[in-house]
Amino acid sequence: SSHLVLLPAGYLVFSTMSGVGSKTELLNLLGDVKARVQDKLGVVDFPMPQFILVGKQSVGKSRLIETLAGETFNFISGTLGSRRPTVLEFRNVATYDKSRWFVRDRKTNRWGEHHVQEVMKIVGAAHEELGDSVSTEPVYVRIESQRCVDMQMVDLPGFRDFAVDPSKQHLSQKIDELVLSFMRDKRNVMLCVEQAADAATMSTLQKCRQIDPKFERTVLVRNKLDKYYNDLTRDNVNKWVEGFGDLPEFLPRFALTLPWWQEGTTPSRTFVELRDDMNSEDVAEMQSKGLNAKYLQTVGFSNFTSFMDRKIERMFVDAISPVLSKLHELKHSAERRAEQLESEICETDPHRILCTTRDCGVSFATAITHVMEGVLDLKPVMTLEQELREFHAYHQALNSTHFSLLPSEDFQGLDEYIEYLRNEVNIATCDVEVNGGAQFRRLMIEAEVFLRFSEIAVEIKKADVIQARGVSTGSLTWRDVVVKLLGNEAHQSLQRRVRYVAERIKWFFERQKEPVLEFMDGLEGTPIANLYSPLYTKHGKLIKESKMIQHLVFQTYDGACARQLQNFVDLFDNMLTSAFANPWIFLRSSTCEGHDTEDLQDAVLPSFDDTRERIPKELGARATTEPMLSKWLVDIPNDPHEVDDAVDKVQMLVLKTYGFIRSHVCDQVELFAESFFKLPMLRRLEETMATLELSDDDSVDYQSHRDSLSNKSQDVQDSVVEISSCIDRLQGFKLKCETKSV
């Protein structure tokens, strides 16, 4: 069989597997190996040599392909031409009376037989649906006929010589890049097609020279020789073949005429007969011109195909070792895959399903601790801007209304808030891509900034102050009034921002699932693998490959995050309720033992007398904010005629007290997050994973997954057998050749 790739604007790739003329055992063997590997195993990248046919439009490239294929064919790809690859597979079937045409469905990858006209419509529609764009997804067409030489051809989009429209210029540029990528591939031998004219005007050959200066993988094919008969004489025919000094002597070159007939007429002879007639006419005409016998071997289609047979065979002999290496690589990969599938099948045994899932969950729960500690080169990562945008998009999709997404209504939008964090707050890691613990620390900075925007939402009015004082069986003091006003006006504002902090932490932990899984799966073969549990790699692969295990582990993890969110909110609400109920106790400053010197070297263990002396000093030192607030309370007048002054002072005192509470909460927000969310969740997560349960639906899904694994395992084992058979055949052929040479 042969492999042929048609490139744009006259660029074709042709790789022969069975020879253009006579078939040899080697070509048949390698062709069969490649077909088995590509068709049955789906391996596209295979180290087989191939020829690329390059040339300008109208030099006869398509007719050369038809001549090699043994019949004429043409696909209509719409008014804009082809815009996606069309893979044409030609299969020689000697028993067929007529050609059979098949198209492979792009969704199911199954072949379906169609009438040739229907095939033309399917291919045309596949190109037309793209409009002005281009796609790398190919259309697959197969032709089976007794006239075919076994080959495979990929027809790629062609470019226009003159593109005035900008969109078409862009298309032409993309096509040039595609062509150059084929020409630069050193596995490709370039068949450069030019018209039979002056060698100095061969522009395509110049392109080949730029990429292959020594013409080590270039063959020149001069087509339409019959149109140049009258220009050749006994005096110039040999020099013309030589290129009048413009062609290097070591460059293989051929001159030929391909089958043709007048447009609009029907040929009187078959296509194969016309091919033979043109070949005989070329040889006879050049002989009559007195062409030297050594040059006569470069004239006609038959001499060209004979050259191709010899060159292809040499190339394929050289390809045996690379092909064997590739097959051994494929076999090793398939055997490893088979082992992994067998292991997963064992792990999903009905009697071990629950245990396996729990083990995977426990490993996941312990691995997140390492990610929080910081792992280098772990993906995925994100900047603060990416984090905030994804968080906002997530809650906007949920239509969340129980908290505010922006810290203040004065911000025009998220963009302004991000710029504020970046340029005014100057968060150092704002544009650094991180995950794990580094991302959590940055989150805490942003959360603290968000909390500090909390203000009393409404103005405290005179009527509110008077109403709050009221009367009681005891005595109502201004302290009681301040507590009432704080609880009524200020508590909710801070509470809604605490909801934001809670949701940010929950969202952060939910987004750590992928980094944790990448950490577990990526440990294998790394220098740090021995520092961690060997179960991480095993369980990481199970979680990654088994969608059922992954779903259960992730579902349990998300449930733990949601449960801890509620615990965090409840604990924080209790703390805020206590703080606003008795702000004077909450706002007592922390105690700190005073020292005359900051030198740590002077520090010694205290004696009992030192401790007794220290405690009264610490108790006295903590009372800094409380006396200040008490003094302000005393300054509030009680006389009815001074009510306006009293209202002003109460308003001022409420704002000041709220400011102290807010600052105290913000200063300790990271501690609250650690104590109320992170540590409890991580501490209990392992236990949660170890006690997860399967529902009846989960058990059914597991059995279905196990059946799928069994089918995949059988397919991989079949692949190992197929590859081993190819290796044995190639090694046997190689050994036979070596024995004959001896």
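Right, residue 335: more than 25 Å from residue 679 (Cβ to Cβ), exposed (fewer than 15 other Cβ atoms within 10 Å of the Cβ) and either in contact with a strand residue (DSSP E or B) (Cβ under 9 Å, 6 or more places away or on another chain) or touching a residue at least 40 places away in the same chain (Cβ under 8 Å) (or both) or not? Considered against the rule, which asks whether it is more than 25 Å from residue 679 (Cβ to Cβ), exposed (fewer than 15 other Cβ atoms within 10 Å of the Cβ) and either in contact with a strand residue (DSSP E or B) (Cβ under 9 Å, 6 or more places away or on another chain) or touching a residue at least 40 places away in the same chain (Cβ under 8 Å) (or both), residue 335 comes out as no. Considering the range 345-362, and only residues there that are open to solvent by less than 10 Å² (accessible area, probe 1.4 Å) and part of a helix (DSSP H, G or I), the residue that is farthest from residue 556 (Cα to Cα) turns out to be 356.
When restricted to residues that are free of Cβ contacts under 8 Å to residues at least 60 places away in the same chain, part of a helix (DSSP H, G or I) and surrounded by 13 or more Cβ atoms within 10 Å (Cβ to Cβ), the range 391-415 contains 2.
Number of residues in the range 295-337 that are within 18 Å of residue 726 (Cβ to Cβ) and of a type in the set (S, T, N, Q): the value is 3.
Taking interchain pairs and intrachain pairs at least six residues apart, which have beta carbon atoms under 9 angstrom, with the first residue in the range 683-706 and more than 26 Å from residue 564 (Cβ to Cβ) and free of Cβ contacts under 8 Å to residues at least 60 places away in the same chain and the second crowded, with 18+ Cβ neighbours inside 10 Å and of a type outside the set (Asp, Glu)? Between residues of the range 683-706 that are more than 26 Å from residue 564 (Cβ to Cβ) and free of Cβ contacts under 8 Å to residues at least 60 places away in the same chain and residues that are crowded, with 18+ Cβ neighbours inside 10 Å and of a type outside the set (Asp, Glu), the close pairs are 704/548.
Please return the ranges of strands (runs of 3 or more DSSP E) entirely within the range 71-130 where 3 or more residues are modelled with pLDDT of 85 or more and touching a strand residue (DSSP E or B) at 6+ places or on another chain (Cβ under 9 Å). Don't jump to the end; show me each part of the working.
On the way: elements: 86-92, 100-104, 111-114.
Strands (runs of 3 or more DSSP E) meeting the threshold: 100-104, 111-114.
Listed conditions (1) over 33 Å from the mean Cα position of the chain (by Cα); (2) at pLDDT 90 or above are all met by residue 668, apart from (2).
Cβ-Cβ contacts under 6 Å between residues 6 or more apart (or on different chains), taken from a first residue in the range 235-262 that is under 14 Å from residue 219 (Cα atoms) and touching a residue at least 60 places away in the same chain (Cβ under 8 Å) to a second residue that is of a type in the set (D, E, K, R) and assigned to a helix (DSSP H, G or I), are absent. Somewhere in the range 161-175, is a residue part of a helix (DSSP H, G or I), β-branched (Val, Ile, Thr), surrounded by 15 or more Cβ atoms within 10 Å (Cβ to Cβ) and modelled with pLDDT of 70 or more? Checked the range 161-175: at least one residue is part of a helix (DSSP H, G or I), β-branched (Val, Ile, Thr), surrounded by 15 or more Cβ atoms within 10 Å (Cβ to Cβ) and modelled with pLDDT of 70 or more. Inclusion of residue 373 among residues that are under 30 Å from residue 439 (Cα atoms) and open to solvent by 20 Å² or more (accessible area, probe 1.4 Å) is warranted. Under the condition of being of a type in the set (A, V, I, L, M, F, W, C) and surrounded by fewer than 19 Cβ atoms within 10 Å (Cβ to Cβ), the residues counted in the range 673-691 number 3. For the range 281-331, the set of residues classified as open to solvent by less than 40 Å² (accessible area, probe 1.4 Å), within 55 Å of the chain's Cα centre (by Cα), small (Gly, Ala, Ser) and farther than 24 Å from residue 728 by Cβ consists of 300 only. Within the range 374-390, being under 22 Å from the mean Cα position of the chain (by Cα) and in a loop (DSSP other than H, G, I, E, B) holds for 375, 376, 377, 378, 379, 380, 381, 383.
Every residue, every condition in (1) in a helix (DSSP H, G or I); (2) open to solvent by 10 Å² or more (accessible area, probe 1.4 Å), yes or no:
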{"site": "494", "(1), (2)": "yes, no"}
{"site": "504", "(1), (2)": "yes, no"}
{"site": "514", "(1), (2)": "yes, yes"}
{"site": "527", "(1), (2)": "no, yes"}
{"site": "548", "(1), (2)": "yes, yes"}
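Residue pairs whose Cβ atoms lie under 7 Å apart, sitting 6 or more positions apart in sequence or on different chains, and linking a residue in the range 277-294 that is at positive phi to a partner that is open to solvent by less than 30 Å² (accessible area, probe 1.4 Å), are 290/237.
Tell me, yes or no, whether the range 689-702 has at least one residue that is under 30 Å from residue 358 (Cα atoms), in contact with a Gly (Cβ under 9 Å, 6 or more places away or on another chain) and assigned to a helix (DSSP H, G or I). Can you show your working first?
So in the range 689-702, the residues under 30 Å from residue 358 (Cα atoms) come out as 689-702.
Subset that is in contact with a Gly (Cβ under 9 Å, 6 or more places away or on another chain): 689-690, 692.
Next, only the ones that are assigned to a helix (DSSP H, G or I) stay: 689-690.
Yes - at least one qualifying residue is present in the range 689-702.
Among the residues of the range 44-70, the one identified as in contact with an Asp or Glu (Cβ under 7 Å, 6 or more places away or on another chain) and at pLDDT below 75 is 57. The single condition among (1) closer than 16 Å to residue 359 by Cβ; (2) assigned to a loop (DSSP other than H, G, I, E, B) that residue 554 does not satisfy is (2).
Pairs needed: first member in the range 198-225, closer than 23 Å to residue 63 by Cα; second member anywhere, in a helix (DSSP H, G or I); C-beta distance under 6 Å; at least 6 residues apart or different chains. From the range 198-225, the pairs are 218/208; 225/282.
Here residue 725 does not qualify as of a type outside the set (D, E, K, R), under 28 Å from the mean Cα position of the chain (by Cα), open to solvent by less than 80 Å² (accessible area, probe 1.4 Å) and at pLDDT 85 or above. Checked against (1) under 25 Å from residue 655 (Cα atoms); (2) open to solvent by less than 60 Å² (accessible area, probe 1.4 Å); (3) at pLDDT below 85, residue 498 passes all but condition (3).
The values are calculated or read from the model by the stated rules, or taken from the named source; none is laboratory data. Here the structure is a predicted model, which means the values were calculated and not measured. Positions of Cβ are generated from backbone atoms using ideal geometry, with glycine treated the same way; all protein chains shown enter the neighbour counts. Ligands, DNA and RNA are stripped out before the accessible areas are found, and what is left, the full protein with its side chains, is counted by its heavy atoms. Shrake-Rupley method; radii C 1.70, N 1.55, O 1.52, S 1.80 Å.
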